[in-house]
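Have a look at the structure below before the remarks.
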Amino acid sequence: MKIAFLADPLAGFKTYKDSTFAMMREAARRGHAIYAFEQKNMALEEGIVTAQVQQITLTGDEHDWYKVVSTEEVRLSVFDAIIERKDPPFDMEYVYGTYLLELAEKQGARVFNKPSAIRDNNEKLAIAQFSELTSPTLVTSNEARLRAFHAKHQDVIFKPLDGMGGTGIFRVKADALNLGAIIETLTGNGAQTIMAQRFIADIDKGDKRILVIGGKPVPYCLARIPQGGEVRGNLAAGGKGVAQPLTARDLEIAEKLGPILAARGLMLVGLDVIGDYLTEVNVTSPTCFQEIAQQTGFDVAAMFIDAVEQGVAQSPAHTA
């Protein structure tokens with residue numbers, strides 16, 4: 001197959017931990033041709049979605065890890081699969097990219113995750129569809145409501161709706177220290193909607209990333225444990241990643257959401273769970289493939305490429 005990865009610049013990859021690299025490596029191992037392009041390389045002209053793409057080969061060198069075989073402008077529909085792996089921020093440029101990919105789908109491209117499904121499932125707000133699985137949550141830009149929520153629950157996490165890697169997350173305890181300043185900063189003085197959630201004490205055991213591929217959970221999660229008095233477990237914020245088997249509750253959450261999200265066109269999802277509660281549904285570029293594989297031996301990338309191959313084989317564009 002010809003598989004194209006829409007990703008951030010390849011030169012910035014940290015191959016020892018990058019999940020997109022793990023996908024590429026497994027696809028190449030199976031003999032698939034690997035291509036890469038960035039969102040800025042896409043164009044729509046005379047109704048056709050194209051991109052300037054690089055065909056690459058992997059060298060096996062950790063630092064100089066790829067070589068460019070060729071660069072050409074092609075219709076996106078020529079690929080057997082396009083893997084959407086651009087990191088947030090989920091800004092309007094990201095949204096425009098999903099519109100172009102959606103047009104490419106109409107022209108025969110197969111995109112995983114489905115662009116419209118990425119757009120429709122905000123990584124923070126998607127949990128509202130499964131409120132029976134979540135900690136008490138408020139979404140608003142109204143300062144009075146945010147203050148009242150804090151007064152009711154006493155220990156609250158405040159966060160933006162468009163962040164990643166733990167950026168912009170604040171915890172306010174019962175003393176309400178800096179509550180006003182935090183609300184003003186995150187909401188832009190009432191101009192932006194944010195999320196508030198009752199603090200979950202089990203964060204000290206880790207913010208668990210549960211990967212769901214093709215509707216089925218990976219049997220191990222990565223518990224990202226906060227370090228040094230930090231409230232955030234995100235690896236980007238210094239959290240320590242510890243792979244562990246799914247608990248009965250983890251499995252319950254994953255098995256409930258997996259088929260629903262897969263039916264929407266979300267082949268790869270990263271569920272974030274703290275204690276017994278669902279906190280986020282990550283759909284843009286979920287990570288932790290390599291950490292789980294290195295610590296448990298379970299080959300997450302192989303499970304993912306299996307799903308891609310199956311998805312291509314079952315797609316109407318492939319059988320037409």
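The values are calculated or read from the model by the stated rules, or taken from the named source; none is laboratory data. Keep in mind it's a predicted model, so treat the numbers as computed, not measured. Methodologically, a virtual Cβ is constructed for each residue, glycine included, from the backbone with ideal geometry; neighbour enumeration extends over all protein chains shown.
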*Of the conditions (1) in contact with a strand residue (DSSP E or B) (Cβ under 7 Å, 6 or more places away or on another chain); (2) part of a helix (DSSP H, G or I); (3) among the aliphatic types (A, V, I, L, M), V95 clears all except one; give me its number.*
(1)
_Candidate set from the stretch 262-320 (those that are of a type in the set (F, W, Y) and under 17 Å from the mean Cα position of the chain (by Cα)); member that is farthest from P226 (Cα to Cα)_ = F304
*Could you say whether any residue in the stretch 174-185 is over 27 Å from L246 (Cα atoms) and of a type in the set (D, E, K, R)?*
yes
_Scan the stretch 123-142 and tell me whether some residue there is within 30 Å of T50 (Cα to Cα) and of a type outside the set (A, V, I, L, M, F, W, C)._
yes
*Residue count, the stretch 202-229 (criterion: free of Cβ contacts under 8 Å to residues at least 24 places away in the same chain and either part of a loop (DSSP other than H, G, I, E, B) or more than 21 Å from Q294 (Cβ to Cβ) (or both))*: 5
*Name the residue, out of A28, A11, A36, that is at pLDDT 95 or above and crowded, with 21+ Cβ neighbours inside 10 Å.*
A36
_Could you check the stretch 1-53 and list, in sequence order, the residues that are in contact with a Ser or Thr (Cβ under 9 Å, 6 or more places away or on another chain) and among the basic types (K, R)?_
K17, R25
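Matching residues to (1) in contact with a Ser or Thr (Cβ under 8 Å, 6 or more places away or on another chain); (2) assigned to a helix (DSSP H, G or I); (3) crowded, with 16+ Cβ neighbours inside 10 Å:
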position: E280; (1), (2), (3): no, no, yes
position: T284; (1), (2), (3): no, no, yes
position: T287; (1), (2), (3): yes, no, yes
position: Q290; (1), (2), (3): yes, yes, yes
position: Q294; (1), (2), (3): no, yes, no
position: M303; (1), (2), (3): no, yes, yes
position: A307; (1), (2), (3): no, yes, yes
position: Q310; (1), (2), (3): no, yes, no
*Exclusive hit being in contact (Cβ under 8 Å) with a residue 24 or more places away in the chain and under 16 Å from S135 (Cα atoms), set L266, L278*: L278
*Mind listing whichever residues of the stretch 257-269 are surrounded by fewer than 22 Cβ atoms within 10 Å (Cβ to Cβ) and closer than 22 Å to F298 by Cα?*
G258, P259, A262
*asked:* Report every pair of residues separated by at least 6 positions or lying on different chains whose Cβ atoms are under 7 Å apart, first residue within the stretch 108-119 and within 10 Å of S77 (Cα to Cα) and modelled with pLDDT of 95 or more, second hydroxyl-bearing (S, T, Y) and in a loop (DSSP other than H, G, I, E, B).
replied: R110/S315
*Does the stretch 222-256 hold any residues that are among the charged types (D, E, K, R), over 16 Å from the mean Cα position of the chain (by Cα) and crowded, with 17+ Cβ neighbours inside 10 Å, and which are they?*
R232, D250
